[in-house]
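Worksheet: one structure, shown below.
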Amino acid sequence: MMKKTLMNDMTVGNPGSLILRFSIPMLIGNLFQQLYNIVDAIVVGRYNGKDALAAVGTSGPLNYLIFSLALGLSAGISIIISQYFGAKDEEQVKKGFATSAYVIIGASIIMGTLGFLLCRPLLELLNTPENIIGQSVIFMKISSIGVIGVGTYNGIASVLRALGDSVTPLIFLILASIINIILDFIFVASFGWGVAGVAIATTIAQLLAAIGCIIYALINVKILRMSIKEFVPDKHIFKKCISLGVPVALQNSFVSCSNMALWSVINSFGDTIMAAATAANRIEQLILQPGMSVGVAVASFTGQNIGAGNIQRVKKGFNASAKIMIAFSIIMLPVIYFGGGFIMRLFTSKADLEVMRIGVEALRVPCFFYSFVGMIFVSRNLISGAGDVKVPMFMGFTEVVCRVVFANLLSGQFGYKGIWWATGLTWTVTCAVGCARYYSGKWKDKSVIQTNGI
């Protein structure tokens, strides 16, 4: 029997309740993560002005691109471990954990180095204005150094979540968020380090979260304990990790590229639009956290039940998750449409009335499409959790194409306002792709355990 800690067997019990119970700690953690992102924006915007705020905003998609390989490989690891955990195969869970450490650290070093060396050309590719690019380069170089912390935390957190434990990653993320916020005020408000201070604060906080999670897992999770001699990569799991993780990494890269394409169009309208879009994007990311959290819960739920061979239970999980996301979207629509102005005031000084006005517009249009993006999270994570990772990769590619086409066409016809509609339309098309794959049923035979001999 597997030792009971904070791990959860998701192959038994009410699917909707399990997914909600798993996703709530995830949601709290994600909200704290977004909180410190928002505090980053508020502090740098208040103390260093709209140019600094725009510099942080335009660097966001590039940072996500740099992190994407580590995040994708983490997802691949989660698929493998959750399916073996569902099949009650402790030995393979141990091998998956050991292999994941080598994969994540190696990928983080590679991507961090590339990000550090290529940040300026990539920012130039995004049409970043001259008055902003210097600060953006500083922010990105420091963030690239911190990739090792981001990758390690997400790797160990993915392992714990695959085992049904979403509470432990939450605890360390909350602690890291508090540290990050405190350091923001020290480095930016007191020391006057500007965007560099924000990046340093985030890097330190993420590294501490990673170290905390590792120590906890090795001490408290019996199934992950092993000797140094045992802590070696398994070549078969390594291959499967790459075959699952690289498509997810490419999916993340495509999503990042779609955001970069959008920011390239935004940047062409100048620093006022950039600052407004940065603030609106921070708020939007906060709103999307419930969907992301439910999505991660669906992935773990699906992985464990696929490992246990229970397809009908996976379908029940999809239906329960869809109801949760649609209900949340209906509730949030009037909140954001009518309350967006109040929230935008947190990000701007009283003198930046134009930034506030445009930011409210950027919030109001996409809020009508929240149900579609919610279903993207549900369908994409269910399909990935089943081991069918190529379709989510195609969904990411769909986002790139739609964002490029819609953003350029609509901004050409309607100015910057067309950008906000491009986001909603992109979500709609991508949602259609994910739901079509789910209802086709072709994901059912993609199990890691059934399709290979590892």
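Considering only residues that are over 20 Å from Ser253 (Cβ atoms), in contact (Cβ under 8 Å) with a residue 60 or more places away in the chain and hydrophobic (A, V, I, L, M, F, W, C), which ones fall in the stretch 391-447?
Once the filter is applied, which keeps residues that are over 20 Å from Ser253 (Cβ atoms), in contact (Cβ under 8 Å) with a residue 60 or more places away in the chain and hydrophobic (A, V, I, L, M, F, W, C), the stretch 391-447 yields Ile419, Cys435, Trp443.
With under 19 Å from the mean Cα position of the chain (by Cα), of a type outside the set (Asp, Glu) and buried (at least 21 other Cβ atoms within 10 Å of the Cβ) as the only criterion, which of Val355, Val373 stands out?
Every option except Val373 fails the conditions.
Exactly one of these conditions fails for Arg46: (1) touching a Gly at 6+ places or on another chain (Cβ under 8 Å); (2) surrounded by fewer than 22 Cβ atoms within 10 Å (Cβ to Cβ). Give me its number.
(1)
Checking the condition in contact with a Ser or Thr (Cβ under 8 Å, 6 or more places away or on another chain), closer than 19 Å to Ser258 by Cβ, surrounded by fewer than 22 Cβ atoms within 10 Å (Cβ to Cβ) and at pLDDT 90 or above, which residue from Val404, Val433 passes?
Of the residues listed, the single one that is in contact with a Ser or Thr (Cβ under 8 Å, 6 or more places away or on another chain), closer than 19 Å to Ser258 by Cβ, surrounded by fewer than 22 Cβ atoms within 10 Å (Cβ to Cβ) and at pLDDT 90 or above is Val433.
Could you tell me whether any residue of the stretch 359-382 is within 22 Å of Asn310 (Cβ to Cβ) and small (Gly, Ala, Ser)?
Looking for residues that are within 22 Å of Asn310 (Cβ to Cβ) and small (Gly, Ala, Ser), one finds at least one in the stretch 359-382, hence yes.
I'm trying to understand the selection: among the residues of the stretch 322-356, which are without any contact (Cβ under 8 Å) to a residue 40 or more places away in the chain, farther than 29 Å from Gly396 by Cα and in a helix (DSSP H, G or I)?
The answer is Phe338, Gly339, Gly341, Phe342, Leu353.
So for the stretch 60-82 (the condition being touching a residue at least 60 places away in the same chain (Cβ under 8 Å), under 19 Å from Thr272 (Cα atoms), of a type in the set (A, V, I, L, M) and in a helix (DSSP H, G or I)), does at least one residue qualify?
No, the stretch 60-82 has no match at all.
Pairs under 8 Å by beta carbon, first residue more than 18 Å from Asn180 (Cβ to Cβ) in the stretch 14-36, partner modelled with pLDDT of 85 or more and hydroxyl-bearing (Ser, Thr, Tyr), six or more apart or different chains?
What qualifies is Gly16/Ser321; Ile19/Ser321; Phe22/Ser300; Ser23/Ser293; Ile24/Ser293; Met26/Ser293; Leu27/Ser293.
Give the residues of the stretch 307-321 that are modelled with pLDDT under 90 and either in a helix (DSSP H, G or I) or among the hydroxyl-bearing types (Ser, Thr, Tyr) (or both), sorted by residue number.
Correct list: Gly307 only.
Determine which single condition Ser68 fails, assuming it passes every other condition in (1) out of contact with any Cys (no Cβ under 9 Å at 6 or more places or on another chain); (2) of a type in the set (S, T, N, Q); (3) crowded, with 22+ Cβ neighbours inside 10 Å; (4) at pLDDT 80 or above.
(4)
Return yes when Gly307 is small (Gly, Ala, Ser), touching a helix residue (DSSP H, G or I) at 6+ places or on another chain (Cβ under 8 Å) and more than 28 Å from Leu126 (Cβ to Cβ) and no when it is not. Before the answer, list the steps.
Working: small (Gly, Ala, Ser): yes; touching a helix residue (DSSP H, G or I) at 6+ places or on another chain (Cβ under 8 Å): yes; more than 28 Å from Leu126 (Cβ to Cβ): yes.
Answer is yes for this residue.
Would you check which residues across the stretch 282-321 are crowded, with 19+ Cβ neighbours inside 10 Å, among the β-branched types (Val, Ile, Thr) and in contact with a Lys or Arg (Cβ under 7 Å, 6 or more places away or on another chain) and list them?
Val296, the sole residue that qualifies.
Scan the stretch 171-186 for residues that are within 14 Å of Ile38 (Cα to Cα) and crowded, with 21+ Cβ neighbours inside 10 Å and jot them down.
Of everything in the stretch 171-186, those that are within 14 Å of Ile38 (Cα to Cα) and crowded, with 21+ Cβ neighbours inside 10 Å turn out to be Ser177, Asn180, Asp184.
Counting just the residues of the stretch 86-130 that are acidic (Asp, Glu) and farther than 25 Å from Val221 by Cα, which one comes out surrounded by the fewest Cβ atoms within 10 Å (Cβ to Cβ)? Spell out how you get there, then give the answer.
Here is the first cut: in the stretch 86-130, the ones acidic (Asp, Glu) are 89-91, 124, 130.
Narrowing the set further to residues that are farther than 25 Å from Val221 by Cα leaves 124, 130.
Working: Glu124: 12, Glu130: 7.
Among those residues, the one meeting the criterion is Glu130.
So which residues in the stretch 124-145 are touching a helix residue (DSSP H, G or I) at 6+ places or on another chain (Cβ under 7 Å), at pLDDT 90 or above and of a type outside the set (Lys, Arg), if there are any at all?
Ile133, Gln135, Ser136, Val137, Ile138, Phe139, Met140, Ile142, Ser143, Ser144, Ile145
Residue by residue through the stretch 407-430, note down the ones that are small (Gly, Ala, Ser), farther than 30 Å from Ser300 by Cβ and either surrounded by fewer than 21 Cβ atoms within 10 Å (Cβ to Cβ) or more than 21 Å from the chain's Cα centre (by Cα) (or both).
Ala407, Ser411, Gly412, Gly415, Gly418, listed by residue number.
The values are calculated or read from the model by the stated rules, or taken from the named source; none is laboratory data. The shown structure was predicted, so the numbers you read here are calculated from the model rather than taken from an experiment. Note that we place each Cβ from the backbone using ideal geometry, even for glycine, and neighbour counts take in every protein chain shown.
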